[in-house]
Structures are given as C-alpha cells and as structure tokens.
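A short worksheet on the structure shown next.
The values are calculated or read from the model by the stated rules, or taken from the named source; none is laboratory data. A quick note: this is a predicted structure, and the numbers were derived from the prediction, not measured. Cβ placement follows ideal geometry from the backbone for every residue including glycine, while neighbour counts extend to all protein chains displayed.
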Amino acid sequence: MKVKVKVPATSANLGPGFDVAGLAVTLYNTFTFELLDDGLEITGCPEQFCNAENMTYQAFVEGAKTCGLLFKGLRIECSGDVPYTRGLGSSSTCIVAGIVGAYAFVDRYDERQEILELATKIEGHPDNVAPAIFGGLTVSVMSDGVTTLNIPVKHDYRFVAMIPPFTLSTEKSRSVLPQVLSRSDAIANVSHLALMVASLINGYDDGLKLGFKDRLHQPYRGPLIEGFDEIMTILENDERVLGAYLSGAGPTIMAVIDATDTKGVVRIKEELGDLLKDWQVEKLELDM
Ligand code: HSE
C-alpha cells in the first residue's frame, strides 16, 4: 500500500501575527510513503536530505510513535514546487506530510488536532503547520496545547509571492529578533493584528495596509534582505496593492491584490524593476 500526501505552501505572520497567523496558498509539495521490510529510501529531494535526518522521515517516525504504527522500513518519494528556505513553509510541508503519512497507515489521517499538536511540537510554532493542515487562513494560540481557528476571508484575493534567488534560514531570521518589546510596539502589533483579521473577515480592504504593519520582526529582518525597504515602500505607494508583508521568516515578500486586478503582477514587476532581478514571482490563491 502507498500513501500519497499533498501539502500546500504556507505564508506565516501576515505582518503583525508573528507565530500566530498563517495562510495556505496554491503551491504544493507531494510525498508518497510506502512501508518496506527494511531500510530507508528517499528520492526526489536534494541528496544532502536523503538520509535518516530527513525532516519528513523524522516527522513520520514521531507520527508513527504517537499513532501506534509499527514499521521496519520506509520509502519516501518527494516532489513539488514549494521552494526551500524561502519563507513559504517548505519545512512545514515535510513535517505535516510525515505525520499525516504515518497516521494514514493506521487510518487515522483525519485526526487533525492530534496531528496539529505534534506538528507544532516539532516545528516550534503553529503558524505554518496549522494552515498546512486546515487550509485557508488560520490563527493559532499556544497555551495548554494548540488552539487553531480558520478565519473566513470575505473577498477573493490573489497573493503575489516575490521569491528571491537566495535563501534565509528561519534560525538565522529568528536570531536577529529582540528578546523584549516596548509597550508601544506591543500595542501597535496587537491593534494591527486585530485590524487585519477584522478587515479580512469584513472585506474592509482599506484596513489591510495598516493592518499588515508590524513592529515585532519585519524591522529587524528587513536588513537581511537586499532592497526590502525600497520594495515595501513601492508596494505601499501602489494604490491597487491592498497590503504587503514579509512571508514567514522571509526572504519572500508577499503582496495582496484583488482577484479583479488582473494586471497586478505585470504592474508590480514593472514598478519594482531591477529590485526583483532574478526573483521568481508567483501569483497564488488561498488554498481552502
Ligand atoms: N513565525 C515564524 C517566524 C514563521 O517568523 O519565524 C517561520 O516560517
């Protein structure tokens, strides 16, 4: 028996919702699992990841322990389009797929809360794994377990992912963050997050630019990405861009446009010109 798991890319934080908010987008990785009598075979990912340290395998092992699957050997085939270490939740696709794969062999793949708890424990924060499991836009709270809710989004948006040619590890991107925030920065983030969530639910697009503003991580991570401030300023000044934020730990930058803004990608590319030289630009939808 083979088990195939398809997991969406995710874009976390959405500005002020650091480690809280995330959304699933229409870019996917697919993993096929097959139990073997012995050994470990991994194909389809860079050679340095084809060993027992592989994140998908590690998550499968943890998932197997939790769901009671006994296995001796495993074959994993990986494929997909989610770029590595770019702030689009590639590691979450591996973690979620590994756990769901193990749960599927004991016919428990739909136990989402249990899968969420374990995935969050492995990743350390829930904002990528939650939308990867539940789809759509999610907010999550870590307190005595993980509580995740899907937030209904009223309007039909498109997410323009500007993906640089260079990588930025989450570890490095977290290492530059301050340990302590001032009260005014904390209040700014709480209010912006509330505005952003309320605007998305109510379709109040005028609230998004302010709602996506962040003082907790973007000001510290921006210097790690060449051109970040210029790109954000140009996006800010584009009246048809509804909002923009650093996707997850970066370096991908996400702009939100309305579905009717069919020329949005071309316009954004023109406005940003050489700032996006060698960057990949993808127009994505919310994965439900
Ligand atoms: N919330 C996490 C961070 C997401 O910003 O570090 C990492 O993908």
**Report entry** Of all residues making up the stretch 75-111, the number that are in contact with a Ser or Thr (Cβ under 9 Å, 6 or more places away or on another chain) and surrounded by fewer than 23 Cβ atoms within 10 Å (Cβ to Cβ)
**Finding:** 10
Requested in this report: Give the stretch 73-95 a look and list any residue that's within 13 Å of the ligand (Cβ to nearest atom) and among the β-branched types (Val, Ile, Thr), or say none.
Outcome: Val82, Thr85, Thr93, Ile95
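Only residues that are without any contact (Cβ under 8 Å) to a residue 40 or more places away in the chain and either closer than 17 Å to Tyr245 by Cα or surrounded by 13 or more Cβ atoms within 10 Å (Cβ to Cβ) (or both): list them for the stretch 150-189, please.
Keep residues of the stretch 150-189 that are without any contact (Cβ under 8 Å) to a residue 40 or more places away in the chain, which gives 150, 171, 175, 179-187.
Residues satisfying the conditions are Asn150, Leu181, Asp185, Ala186.
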Report task. May I ask you to verify whether Ala52 is on the phi < 0 side of the Ramachandran plot and either at pLDDT 95 or above or of a type in the set (Asp, Glu) (or both)? Result -> no
Report task. Identify the residue in the stretch 25-42 that is of a type in the set (A, V, I, L, M, F, W, C) and surrounded by 21 or more Cβ atoms within 10 Å (Cβ to Cβ) and, among all such residues, is farthest from the ligand (Cβ to nearest atom). Result -> Phe33
Requested in this report: Could you check how many residues of the stretch 4-24 are within 9 Å of the ligand (Cβ to nearest atom), buried (at least 24 other Cβ atoms within 10 Å of the Cβ) and outside any strand (DSSP E or B)?
Outcome: 2
**Report entry** Sole exception among (1) within 16 Å of the ligand (Cβ to nearest atom); (2) among the acidic types (Asp, Glu); (3) surrounded by fewer than 15 Cβ atoms within 10 Å (Cβ to Cβ) for Asp206, by number
**Finding:** (1)
Query raised in the report: What pairs can you find where one residue is in the stretch 92-116 and in contact (Cβ under 8 Å) with a residue 40 or more places away in the chain, the other is assigned to a loop (DSSP other than H, G, I, E, B) and crowded, with 24+ Cβ neighbours inside 10 Å, and their Cβ atoms are less than 7 Å apart, with a gap of 6+ or different chains?
Result: Ser92/Asn128
Report task. Test Gly273 against the criterion of being within 23 Å of Gly89 (Cα to Cα) and in a helix (DSSP H, G or I), and give yes or no. Result -> no
Requested in this report: Considering each residue of the stretch 133-149, count those that are surrounded by 15 or more Cβ atoms within 10 Å (Cβ to Cβ) and either within 11 Å of the ligand (Cβ to nearest atom) or of a type in the set (D, E, K, R) (or both), and give that number.
Outcome: 1
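Listed here are the residues, each with its yes/no results for (1) over 18 Å from Val25 (Cβ atoms); (2) part of a loop (DSSP other than H, G, I, E, B); (3) touching a Phe, Trp or Tyr at 6+ places or on another chain (Cβ under 6 Å).
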| residue | (1), (2), (3) |
| --- | --- |
| Asp127 | no, yes, no |
| Ala132 | no, no, no |
| Leu149 | yes, no, no |
| His155 | no, yes, no |
| Arg158 | no, no, no |
| Ala161 | no, no, no |
| Phe166 | yes, yes, no |
Query raised in the report: On the given criteria, is Cys78 in a helix (DSSP H, G or I) and either touching a residue at least 12 places away in the same chain (Cβ under 8 Å) or over 17 Å from the mean Cα position of the chain (by Cα) (or both)?
Result: no
Query raised in the report: Considering the stretch 196-207 alone, what residues qualify as being within 18 Å of Val141 (Cα to Cα) and more than 20 Å from the chain's Cα centre (by Cα)?
Result: Ala198
